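Read the figures in this text as sums done on the coordinates, not as results from a lab. Given the structure is predicted, the values throughout are model-derived calculations rather than measurements. Reconstructed Cβ throughout: ideal geometry from the backbone, glycine too, with neighbour counts over all protein chains shown.
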Amino acid sequence: MAEKTAMESLVHYSNPPHALSVLGVLNEQRLQGHMCDVVLVVADQRYRAHKSVLAASSEYFQTLFS
């Protein structure tokens, strides 16, 4: 019997609510100032943020942080 390749052994799993849960936790962290690694300043307002979230959402920030 032939052995399975690594790709043939993969199990695909999908859990769409997980993405919403992760985004919710990231937002809570942002609101509490936890794990934020950048501050955006707009018209004298300061916004704490996660570089990874900004970069994943915007080509501009991806380029800026690379």
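Below, the figures for the structure above:
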{"quantity": "Most mobile of Leu23, Leu54, Leu40 in a GNM of the chain (Cα contacts under 10 Å)", "calculated": "Leu40"}
{"quantity": "Val53, Val25, Val11, Val41 arranged by Cβ crowding within 10 Å, fewest neighbours leading", "calculated": "Val11, Val41, Val25, Val53"}
{"quantity": "Ratio Rg/Rh, restricted to the chain and using Cα atoms, in which Rh is the Kirkwood radius", "calculated": "1.24"}
{"quantity": "Expected 222 nm ellipticity per residue - DSSP helices of 4 or more, -39500 (n - 2.57), all of the chain, to 500", "calculated": "-15000 deg cm²/dmol"}
